[in-house]
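Written below as C-alpha coordinates is the structure these notes are about.
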Amino acid sequence: LHNRIWERCYGGSNSEVPIKLIRINDSEFYLLGCSLSSDGDVQSKNNGFSEVWVTKITSEGNIIWSKTYGCNGDEDPRDMVLTPDGGFVFMDRIGWGGGDVTNFYGLGDVWLCKCDSMGNIEWEKTLGNDGLDNGLSLLINSKGNIMMLGAAQKTGGMITCIPDGSWADIWLVEIDMQGNIVWQECYGGSEYDWGINLVEKVG
(Lines give C-alpha, C1' and ligand atoms only; values in the text may rest on other atoms or scores of the structure.)
Protein backbone atom coordinates (compact mmCIF):
# COMPACT_ATOMS: atom_id res chain seq x y z
CA LEU A 1 0.00 0.00 0.00
CA HIS A 2 1.04 3.57 -0.76
CA ASN A 3 4.06 2.49 -2.82
CA ARG A 4 5.45 5.24 -5.00
CA ILE A 5 4.58 4.60 -8.66
CA TRP A 6 6.58 7.49 -10.15
CA GLU A 7 7.81 10.98 -9.42
CA ARG A 8 8.83 13.88 -11.62
CA CYS A 9 10.34 17.33 -11.16
CA TYR A 10 9.30 20.15 -13.50
CA GLY A 11 10.72 23.62 -13.99
CA GLY A 12 13.72 25.69 -14.97
CA SER A 13 16.68 27.38 -13.29
CA ASN A 14 14.49 29.73 -11.21
CA SER A 15 11.51 29.17 -8.93
CA GLU A 16 8.25 27.43 -9.83
CA VAL A 17 5.11 27.24 -7.68
CA PRO A 18 2.35 24.66 -8.32
CA ILE A 19 -1.23 25.93 -7.99
CA LYS A 20 -3.60 23.23 -9.22
CA LEU A 21 -3.72 19.83 -10.94
CA ILE A 22 -6.74 19.06 -13.15
CA ARG A 23 -7.65 15.66 -14.52
CA ILE A 24 -8.64 15.76 -18.20
CA ASN A 25 -9.25 12.04 -18.70
CA ASP A 26 -7.74 8.73 -17.61
CA SER A 27 -4.41 9.49 -19.28
CA GLU A 28 -3.91 13.29 -19.23
CA PHE A 29 -3.73 16.17 -16.74
CA TYR A 30 -3.25 19.94 -16.75
CA LEU A 31 -0.83 21.41 -14.21
CA LEU A 32 -1.29 25.11 -13.39
CA GLY A 33 1.61 26.94 -11.82
CA CYS A 34 3.67 30.11 -11.71
CA SER A 35 7.22 30.25 -13.06
CA LEU A 36 10.13 32.70 -12.97
CA SER A 37 12.16 30.59 -15.43
CA SER A 38 12.59 30.74 -19.19
CA ASP A 39 14.60 27.56 -19.58
CA GLY A 40 14.41 23.87 -18.72
CA ASP A 41 10.80 22.74 -18.99
CA VAL A 42 9.65 26.36 -19.31
CA GLN A 43 10.40 26.89 -23.00
CA SER A 44 7.79 29.50 -23.85
CA LYS A 45 8.11 33.29 -23.82
CA ASN A 46 8.60 35.30 -20.65
CA ASN A 47 6.73 38.62 -20.69
CA GLY A 48 7.66 39.84 -17.23
CA PHE A 49 9.02 38.88 -13.83
CA SER A 50 6.92 35.73 -13.50
CA GLU A 51 4.52 33.90 -15.77
CA VAL A 52 1.43 31.74 -15.52
CA TRP A 53 2.72 28.29 -16.47
CA VAL A 54 0.45 25.53 -17.79
CA THR A 55 1.81 22.06 -18.52
CA LYS A 56 -0.09 19.15 -20.04
CA ILE A 57 1.21 15.81 -18.80
CA THR A 58 0.40 12.13 -19.23
CA SER A 59 -0.70 9.90 -16.37
CA GLU A 60 2.96 8.77 -16.18
CA GLY A 61 4.11 12.37 -15.72
CA ASN A 62 5.56 12.89 -19.20
CA ILE A 63 5.20 16.43 -20.59
CA ILE A 64 2.99 16.72 -23.69
CA TRP A 65 3.39 20.49 -23.94
CA SER A 66 4.28 23.42 -21.72
CA LYS A 67 3.32 27.10 -22.19
CA THR A 68 3.48 30.37 -20.31
CA TYR A 69 1.08 33.32 -20.29
CA GLY A 70 0.86 36.73 -18.72
CA CYS A 71 1.45 40.46 -18.58
CA ASN A 72 4.65 42.53 -18.41
CA GLY A 73 4.88 42.14 -14.64
CA ASP A 74 4.22 39.59 -11.94
CA GLU A 75 1.51 36.97 -12.23
CA ASP A 76 -0.66 35.63 -9.41
CA PRO A 77 -2.59 32.65 -10.86
CA ARG A 78 -5.63 31.78 -8.73
CA ASP A 79 -7.65 29.00 -10.35
CA MET A 80 -8.22 26.95 -13.50
CA VAL A 81 -11.12 24.83 -14.72
CA LEU A 82 -11.52 22.29 -17.52
CA THR A 83 -13.91 23.43 -20.26
CA PRO A 84 -16.36 21.15 -22.14
CA ASP A 85 -14.23 21.26 -25.32
CA GLY A 86 -11.22 19.74 -23.53
CA GLY A 87 -9.47 23.08 -23.18
CA PHE A 88 -9.28 25.21 -20.07
CA VAL A 89 -9.76 28.69 -18.66
CA PHE A 90 -7.52 30.08 -15.95
CA MET A 91 -7.77 33.13 -13.72
CA ASP A 92 -4.82 35.37 -12.90
CA ARG A 93 -4.59 38.51 -10.77
CA ILE A 94 -2.49 41.11 -12.57
CA GLY A 95 -0.98 44.46 -11.64
CA TRP A 96 0.29 45.36 -15.11
CA GLY A 97 -0.79 45.19 -18.74
CA GLY A 98 1.07 44.16 -21.89
CA GLY A 99 2.20 40.73 -23.00
CA ASP A 100 -0.88 38.58 -23.54
CA VAL A 101 -3.07 41.10 -21.67
CA THR A 102 -5.01 43.42 -24.00
CA ASN A 103 -6.81 45.56 -21.39
CA PHE A 104 -5.59 46.77 -18.01
CA TYR A 105 -7.64 49.01 -15.73
CA GLY A 106 -5.26 49.48 -12.81
CA LEU A 107 -3.96 48.23 -9.42
CA GLY A 108 -5.22 44.63 -9.22
CA ASP A 109 -7.31 43.31 -12.11
CA VAL A 110 -8.69 39.83 -12.74
CA TRP A 111 -7.49 38.32 -16.01
CA LEU A 112 -9.29 35.34 -17.57
CA CYS A 113 -7.66 33.38 -20.38
CA LYS A 114 -9.43 30.66 -22.41
CA CYS A 115 -7.20 28.18 -24.23
CA ASP A 116 -7.79 25.14 -26.42
CA SER A 117 -6.47 21.65 -25.65
CA MET A 118 -3.09 22.56 -27.19
CA GLY A 119 -2.70 25.62 -24.95
CA ASN A 120 -3.38 28.18 -27.69
CA ILE A 121 -5.19 31.31 -26.49
CA GLU A 122 -8.74 31.53 -27.91
CA TRP A 123 -9.68 34.67 -26.00
CA GLU A 124 -8.62 36.67 -22.98
CA LYS A 125 -10.56 39.16 -20.91
CA THR A 126 -9.68 41.57 -18.12
CA LEU A 127 -12.25 42.13 -15.38
CA GLY A 128 -11.82 45.18 -13.18
CA ASN A 129 -11.45 48.93 -12.84
CA ASP A 130 -8.94 51.36 -11.30
CA GLY A 131 -9.70 50.04 -7.80
CA LEU A 132 -8.55 46.84 -6.12
CA ASP A 133 -10.22 43.83 -7.72
CA ASN A 134 -9.69 40.21 -6.81
CA GLY A 135 -10.62 36.77 -8.10
CA LEU A 136 -10.42 33.55 -6.12
CA SER A 137 -12.57 30.81 -7.65
CA LEU A 138 -13.87 29.57 -11.01
CA LEU A 139 -16.72 27.21 -11.85
CA ILE A 140 -18.27 25.89 -15.06
CA ASN A 141 -22.01 25.95 -14.38
CA SER A 142 -24.76 23.68 -15.68
CA LYS A 143 -25.34 26.06 -18.64
CA GLY A 144 -21.73 25.62 -19.73
CA ASN A 145 -20.76 29.15 -18.72
CA ILE A 146 -17.89 30.36 -16.56
CA MET A 147 -18.62 31.70 -13.07
CA MET A 148 -15.95 33.93 -11.48
CA LEU A 149 -16.06 34.66 -7.74
CA GLY A 150 -13.98 37.35 -6.10
CA ALA A 151 -14.19 40.87 -4.69
CA ALA A 152 -14.62 44.36 -6.13
CA GLN A 153 -13.80 47.64 -4.42
CA LYS A 154 -15.80 50.10 -6.51
CA THR A 155 -17.89 50.52 -9.61
CA GLY A 156 -16.48 51.72 -12.94
CA GLY A 157 -14.34 50.22 -15.71
CA MET A 158 -16.21 47.06 -16.63
CA ILE A 159 -17.72 46.65 -13.14
CA THR A 160 -21.36 47.68 -13.35
CA CYS A 161 -22.53 46.58 -9.90
CA ILE A 162 -22.09 48.99 -7.00
CA PRO A 163 -20.17 47.71 -3.92
CA ASP A 164 -21.33 48.94 -0.49
CA GLY A 165 -18.89 50.99 1.56
CA SER A 166 -15.28 51.87 0.82
CA TRP A 167 -13.65 48.42 1.09
CA ALA A 168 -14.91 45.60 -1.13
CA ASP A 169 -17.91 43.38 -1.75
CA ILE A 170 -18.25 39.82 -2.99
CA TRP A 171 -18.20 40.01 -6.78
CA LEU A 172 -19.84 37.32 -8.94
CA VAL A 173 -19.62 37.31 -12.75
CA GLU A 174 -21.08 34.87 -15.30
CA ILE A 175 -19.28 34.72 -18.67
CA ASP A 176 -20.14 32.61 -21.69
CA MET A 177 -17.63 30.44 -23.56
CA GLN A 178 -17.03 33.23 -26.09
CA GLY A 179 -15.86 35.61 -23.33
CA ASN A 180 -19.03 37.72 -23.13
CA ILE A 181 -20.33 38.84 -19.73
CA VAL A 182 -23.82 37.45 -19.11
CA TRP A 183 -24.35 39.24 -15.77
CA GLN A 184 -22.51 40.41 -12.69
CA GLU A 185 -23.52 41.32 -9.16
CA CYS A 186 -21.98 42.61 -5.92
CA TYR A 187 -23.00 41.38 -2.48
CA GLY A 188 -22.01 42.63 0.95
CA GLY A 189 -22.17 45.34 3.58
CA SER A 190 -20.17 48.36 4.72
CA GLU A 191 -17.04 46.36 5.66
CA TYR A 192 -14.76 44.10 3.62
CA ASP A 193 -16.45 41.07 2.02
CA TRP A 194 -14.95 38.57 -0.41
CA GLY A 195 -15.89 35.28 -1.99
CA ILE A 196 -13.85 32.13 -1.33
CA ASN A 197 -15.53 29.23 -3.11
CA LEU A 198 -18.51 28.69 -5.39
CA VAL A 199 -20.76 25.63 -5.53
CA GLU A 200 -23.75 25.26 -7.86
CA LYS A 201 -26.91 23.70 -6.52
CA VAL A 202 -28.50 21.65 -9.29
CA GLY A 203 -32.09 20.44 -9.04
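The values are calculated or read from the model by the stated rules, or taken from the named source; none is laboratory data. A quick note: this is a predicted structure, and the numbers were derived from the prediction, not measured. Methodologically, a virtual Cβ is constructed for each residue, glycine included, from the backbone with ideal geometry; neighbour enumeration extends over all protein chains shown. With ligands, DNA and RNA removed, areas are computed over all heavy atoms of the protein, side chains included. Shrake-Rupley method; radii C 1.70, N 1.55, O 1.52, S 1.80 Å.
Judged by a Cβ-Cβ distance under 4.7 Å, the unpaired cysteines of the chain are C9, C34, C71, C113, C115. The tail of the calculated P(r) for segment 67-145, taken as Cα-Cα distances beyond 16 Å, holds 48 percent of the pairs.
Per atom type, the chain shows carbon and sulfur on 52% of its accessible surface, probed at 1.4 Å.
Per the Kirkwood formula applied to alpha carbons, the chain shows a radius of gyration over Rh ratio, Rg over Rh, of 0.99. Averaged over residues, the count of other Cβ atoms within 10 Å places the peptides 74-81, 24-31, 194-201 in the sequence 74-81, 24-31, 194-201, highest first.
When the charge dipole of segment 1-61 is built from unit charges on Cβ atoms (+1 for Lys and Arg, -1 for Asp and Glu) and taken about the Cα centre, the candidate among T58, G12, Q43 whose Cα reaches farthest toward its positive end is T58.
Per residue, the solvent-accessible area of the chain (1.4 Å probe, heavy atoms of protein chains only, all protein chains present) comes to 49 Å².
The slack between N145 and T160, meaning 0.36 nm per residue of separation minus the straight C-alpha distance, is 3.5 nm. Taking Lys and Arg as +1 and Asp and Glu as -1, the other residues whose beta-carbon sits under 11 Å from that of D193 total -3. Take every Cα-Cα distance within segment 103-203, group them into 5 Å bins from 0 onward, and report for each bin the whole-number percent of pairs it holds. Calculated P(r), rounded to whole percents: 3, 14, 23, 25, 18, 10, 5, 2, 0. Taking the Cα centre of segment 1-58 as reference, the dipole from Cβ charges on Lys and Arg (+1) and Asp and Glu (-1) amounts to some 120 debye. Full extension of the chain between D130 and N14 gives 38.6 nm of extra length, using 0.36 nm per residue less the Cα-Cα distance. With a Förster radius of 22 Å applied to the beta-carbon distance between W65 and Q178, the computed FRET efficiency rounds to 0.35.
Placing unit charges on the Cβ atoms only, positive for Lys and Arg and negative for Asp and Glu, gives the chain a dipole magnitude near 340 debye about its Cα centre.
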